[in-house]
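Written out below as structure tokens is the structure these notes cover.
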2 protein chains.
Amino acid sequence: MKRQILSFLKPEERLGTPSENTIKDVSVDCVMFGFHADELKVLLLKWNNIDWSLPRGRIYKEELIADAASRVLKETTGIHDVFLQQFHTFGAAQRHKNYTDDQAARLFDNKSKESREYELVHESIVSIGYYALVDFEKVVPNLAASYQWCEIPAIPDLLFDHNDMIELALVALRKDLRYLPIANLLPPKFTLREMQKLYETILNRTFDRRNFHKLLMSYDFLIKLPEKRVGTANKSPHLYQIDFEKYELALQDGISY
Amino acid sequence: MKRQILSFLKPEERLGTPSENTIKDVSVDCVMFGFHADELKVLLLKWNNIDWSLPRGRIYKEELIADAASRVLKETTGIHDVFLQQFHTFGAAQRHKNYTDDQAARLFDNKSKESREYELVHESIVSIGYYALVDFEKVVPNLAASYQWCEIPAIPDLLFDHNDMIELALVALRKDLRYLPIANLLPPKFTLREMQKLYETILNRTFDRRNFHKLLMSYDFLIKLPEKRVGTANKSPHLYQIDFEKYELALQDGISY
DNA sequence: AGGTCTTAGCGTAAATATTACGCACTAATG
DNA sequence: CATTAGTGCGTAATATTTACGCTAAGACCT
């Protein structure tokens, strides 16, 4: 089956034409987290020329949902091989969102926003939410449409129930943190400070620098490299790498912070 | 909209006729946990005369998914007002289950079990999994079809991917235990021993009797009743009740065991 | 060259939480 | 009246978490 790269479709059609081959009334929506400059960010796509939304797409009938999620991400952003985690499934009624008149006009093509029928056709009724953890640097979306890495507090009013989805994704991420490969949010080589900031940002708390250092070292999955990060103020920090075999082992026990 | 109590339909039709009013290709499936005689049990329903499955049903288009889950439980078992928690959504491809020839014949009405088309029509493609925690004693299913409370290790080979669903529901339950109203699994009045056994069963570990007692008392949400459980061997244990206001507060902090 | 900031690593004390278990007393059964 | 289990207290041993002092080194700035 030929599968078109949807980024070359008009953005409005990005959800895909409901066809014989896709599951009707269901979409997969992805909250993609990246970490950069001590900030947790989410990837937003332009849905039409004005409104923003999360990457979303349909599921082919013979496809695993998880495969659909990773395909959708690839088709809409060009990004592949990312860590994906299902976190919640959203229903129709949660989606009775109060669009502004402008948004409604653009979405519903001048039909009244009370036109529930139109909404049902143009939005999927059930959305399966996945979040992705990606290395911000590795991820260079190749998009026809425009995109934006947006810090969580600055996220604008999105289409559909995507604001709620991001909030819930973050809650799920915090809960899962103990058992999840959070390292996916970091580049292959990173400093301890960067990792600490990552945990502090996600968990919204601080750690003592020395205790954090000790704790991480005790897990024994970090490899200290001879190289250093250059160009920083003051002393250059060492770079570290993850020994993924040991990392997986530590995750099975659950890493605690 | 009139909604028929599905237990008076033929069991095969229990999923509901796909109609204008329900979401196509999606079902809600419920793993109902009950606790009795120191065993965690799951409610199974007869799907046809021979095969077992979990309660499942469709979602109406204007309905919240959570409402659909609780309606489905009520329609298939007569049970209402239970604690429900969404835990995972399952896709089509996970459902390529190896039915026995007999099961396939019954399910597919003598069509070949390779007849994927038939399968797609008769099974929902996407299933949203909920688990329910109910007081075993309070729950008296009013069913035309037959049912069974089954201990987890003794669960037979179920239809669809319902065996996998139960396994995942249990994993989710264990994870959620710290923040969830586990008290829903107990009758309004219970002994400390019963509560301890409940936690031991779910978490698959043991607790020291005295430490468990101390810990529970420190949370301050148990009310000791003057009554005792009669008819037991040896000393009769006191009955306890939950002060639900304080209980909710304790849950927000997270109860640890 | 010296000042200042930061990394890197060591150690340790204090506070909390967990676990194991002793003991006294009560109450129901045989 | 011996046995068994519930109830409730205390306490000691361990483990984990948190706070923080100290040394040394390295890179930038003036």
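Using packing as a proxy for protection, rank A:126-134, B:134-142 so that the peptide with the highest average count of other Cβ atoms within 10 Å comes first.
Descending mean neighbour count gives A:126-134, B:134-142.
I need the peptides A:161-169, B:204-212 ranked by packing, meaning the mean over residues of other C-beta atoms within 10 angstrom, with the highest value on top.
Ranking the peptides A:161-169, B:204-212 by packing returns A:161-169, B:204-212.
What's the average, rounded to a whole number, of partner chain beta-carbon atoms within 10 Å of each residue's beta-carbon in B:57-70?
The shielding value for this peptide is 3.
Can you grab the distance from the C-alpha centre of the range B:43-57 to the C-alpha centre of the range B:165-243, Å, no decimals?
Centre-to-centre distance over Cα atoms comes out at 30 Å.
Excluding ligands, DNA and RNA, what is the accessible area buried between chains A and B, summed over both sides, using a 1.4 Å probe, to the nearest 100 Å²?
So the buried area, both faces added, is about 1900 Å².
Which FRET efficiency value, to the nearest 0.05, do you get for residue B:218 and residue B:67 by plugging their Cβ-Cβ distance into 1/(1 + (r/R0)^6) with R0 = 35 Å?
After rounding to 0.05, the efficiency reads 0.40.
What's the average, rounded to a whole number, of partner chain beta-carbon atoms within 10 Å of each residue's beta-carbon in B:126-132?
The mean count of partner-chain Cβ atoms within 10 Å per residue comes to 2.
Over the whole of B:84-90, what's the average partner chain Cβ count within 10 Å per residue? Rounded to a whole number, please.
4
How much net charge surrounds residue A:247 when only other residues with a Cβ under 12 Å from its Cβ are counted (Lys, Arg +1; Asp, Glu -1)?
My count for the surroundings of residue A:247 gives -4.
Under the definition of Cα pairs under 8 Å and six or more residues apart, what whole-number percent is the relative contact order of the range A:122-257?
That works out to 26 percent.
With no solvent and one equal point scatterer per Cα, compute the Debye intensity ratio I(q)/I(0) for the range B:53-95 at 0.14, 0.17, 0.20 Å⁻¹ and report its log10, rounded to two decimals.
Debye curve over Cα of the range B:53-95, log10 I(q)/I(0) at q = 0.14, 0.17, 0.20 Å⁻¹: -0.36, -0.52, -0.71.
Which three extents, in whole angstrom, do the alpha-carbon atoms of the range A:176-257 cover along their principal axes, largest first?
That gives 36, 28, 21 Å along the principal axes, largest extent first.
Highest mean first, what order results for A:61-68, B:245-252 on Cβ atoms within 10 Å?
Highest-to-lowest ranking by the protection proxy: A:61-68, B:245-252.
The values are calculated or read from the model by the stated rules, or taken from the named source; none is laboratory data. All figures in this text were calculated on a predicted structure; none of them were measured in a lab. All Cβ positions, glycine included, derive from the backbone under ideal geometry; neighbour counts span all protein chains shown. The protein model used for the area step is the full one, side chains on, heavy atoms only, and it has no ligands, DNA or RNA in it. Shrake-Rupley method; radii C 1.70, N 1.55, O 1.52, S 1.80 Å.
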